[in-house]
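Remarks on the structure that follows.
The values are calculated or read from the model by the stated rules, or taken from the named source; none is laboratory data. All values reported here derive from a predicted model rather than from experimental measurement. In this analysis, Cβ positions are derived from the backbone assuming ideal geometry, glycine residues included, and neighbour counts consider all displayed protein chains. What goes into the accessible areas is simple: the full protein's heavy atoms, side chains included, and nothing from ligands, DNA or RNA. Shrake-Rupley method; radii C 1.70, N 1.55, O 1.52, S 1.80 Å.
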Amino acid sequence: MEQRYLGRTGLRVSRIGLGTLTWGRDTDEHDAADQLKAFWDAGGTLVDTADVYGGGEAEHVLGRFLDTLVPRRDLVIATKAGSVPDPCRRVDGSRGHLLAALDASLERLGTDHVDLWQVHAFDSGTPLEETLQALDLAVSSGRVRYAGVADFSGWQLAKAATWQLAAPGLRTRLACTQMEYSLLQRGVEREVLPAALDLGVGLLPSSPLGRGVLTGKYRTGTPSGSRGASEQLAPLVEAYLDEASGRIVDAVATAADGLAVTPLQVALAWVRDRPGVVAPVVGARNARQLDEALSVETLSLPDEICQALDDVSAPVHRYPDQDWSTL
């Protein structure tokens, strides 16, 4: 699998990442092992998890595979901290919480460091410099090699990245930001992606298949065993089952028919090759689903197909997101 640099750093990662959101919850240890082995066999390196996935069980499961199933040195392990299962405080970006969460993640993973550590969300109740200091401390202590953020808006990302760049050599530059990005969700193109490109921050798209909707499996109903049939995840899927999304899914299916590939492959190839994208993070229920995603490595969409998909899924850009001179 082709490797790409993560932002403006020397870290290289596979251009498809393996997500573990459902590990330890909907994906059992056997299926998780099959996924990781298939991913590694295909040349994949970036494995993304978080301390809240499965209440910590996703990290536990991944940790049991390191060196027993796949060599630790062959993987780029990425995890996150900052989201908390507290209805009164959904995000905690305090230095104390983040560093304690990192230690707990390392214990569950059974490793002395993670390759990439990401602040899971912006905490408006904590001074940003305190949150970012936790990243600096984690890197300087050797427990973290590279740092990033997730789900930061455009101004939040720009403020954080600029703060880190203001003291080169003393503060850890942000390597990446992880955001939802797909043909069904192109909101990052308004401000987040331009900021990332300008600041040298790589983008790791989450939900690159539109929460599974871009595979086309919901065109005739909700399949049993799918996310849409899950009581916990159904509301996430329903948001992309409207008429506008249906037109985009139909266009993806038409492109797939013309290229003799699957809608999944078309949708994933489109987002993988967007400017600023480093590696879409793909989650799968089993190794068979993952194999289809990994097969996109040999697919490059023709320019006319990309343009048609751009047009049918184009987000509305108005002032001030659009250059005023074109209005």
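How much accessible area per residue does the stretch 220-322 have, counting only protein heavy atoms and a probe of 1.4 Å, in square angstrom? If you can, show how the numbers build up before the last one.
Numbers: 5300 Å² over 103 residues.
Dividing the accessible area of the stretch 220-322 by its residue count gives 51 Å².
I need the shape label for the stretch 81-140. Rule: rounded when a/c is under 1.5, else prolate if a/b > b/c, else oblate, with a, b, c from the alpha carbon gyration tensor.
Oblate shape, in that a/c is at least 1.5 and b/c is the bigger or equal ratio.
Would you work out the relative contact order for the chain, in percent, from Cα pairs under 8 angstrom that are 6 or more residues apart?
RCO, the chain: 18 percent.
Give me the percent relative contact order of the stretch 102-200, please, defined on Cα pairs under 8 angstrom at least 6 residues apart.
27 percent
Using 0.36 nm per residue, how much length does the chain from residue 314 to residue 291 gain when fully extended, once their Cα-Cα distance is taken away?
On the way: separation 23, 0.36 × 23 = 8.28 nm, distance 2.92 nm.
Difference between extended and current length: 5.4 nm.
Which peptide among 1-10, 201-210, 238-247, 142-151 comes first, and what is the full order, when sorted by highest mean count of other Cβ atoms within 10 Å? Please list the in-between numbers first.
Details: 1-10: 16.2, 201-210: 25.4, 238-247: 13.7, 142-151: 21.4.
Packing order, densest peptide first, comes out as 201-210, 142-151, 1-10, 238-247.
Could you order peptides 122-135, 85-98, 258-271, 174-187 by the average number of other Cβ atoms within 10 Å of their residues, highest first?
Working: 122-135: 18.2, 85-98: 14.9, 258-271: 20.9, 174-187: 23.6.
Peptide ranking by packing, descending: 174-187, 258-271, 122-135, 85-98.
Roughly what would the spin-label model give for residue 41 and residue 304, points 7 Å off Cα along C-beta, in nm?
3.8 nm
Once the Cβ-Cβ distance between residue 238 and residue 112 is put in as r, and R0 is 56 Å, what FRET efficiency do you end up with, to the nearest 0.05?
Efficiency, from the Cβ-Cβ distance: 0.85.
Considering the options 88, 76, 66, tell which one lies farthest towards the positive end of the dipole of the stretch 42-143, charges being +1 on Lys and Arg and -1 on Asp and Glu at the Cβ, about the Cα centre.
Toward the positive end, the furthest listed residue is 66.
Could you bin all the Cα-Cα distances of the stretch 258-327 into 5 Å bins starting at 0 and give me the percent of pairs in each, rounded to whole numbers?
All Cα pairs, binned at 5 Å, distribute as 3, 13, 21, 20, 16, 11, 7, 5, 3, 1 percent.
From the P(r) of the stretch 71-195, could you give the percentage of C-alpha pairs in the tail past 25 Å? Can you show the working numbers first?
Values: 1801 of 7750 pairs.
Here the long-distance tail beyond 25 Å is 23 percent of all Cα pairs in the stretch 71-195.
For the chain, which whole-number percentage of the solvent-accessible area (1.4 Å probe, protein heavy atoms only) is attributable to carbon and sulfur atoms?
Numbers: 7250 of 14310 Å².
Carbon and sulfur atoms account for 51 percent of the accessible area of the chain.
How many Å³ per residue does the convex hull of the Cα positions in the stretch 179-269 occupy?
Dividing the Cα hull volume of the stretch 179-269 by its residues yields 109 Å³.
When ligands, DNA and RNA are left out and all protein chains stay put, how many square angstrom of accessible area per residue does the stretch 102-214 have with a 1.4 Å probe?
36 Å²
Near the amide H of residue 17, under 5 Å away, which other amide H atoms are found, from residues 5 or more places off or on another chain, if H is placed in the peptide plane?
281, 282
Can you give the Rg to Rh ratio of the chain, both from alpha-carbon atoms, with Rh computed by the Kirkwood formula?
On the way: Rg = 19.2 Å, Rh = 20.2 Å.
Rg/Rh: 0.95.
Could you give the accessible area per residue of the stretch 1-89, probe 1.4 Å, as a whole number in Å²?
Accessible surface, normalised per residue, equals 40 Å².
Kirkwood hydrodynamic radius for the stretch 28-132: how many Å is it when counted over pairs of different Cα atoms?
When all Cα pairs of the stretch 28-132 are included, the Kirkwood radius is 14.4 Å.
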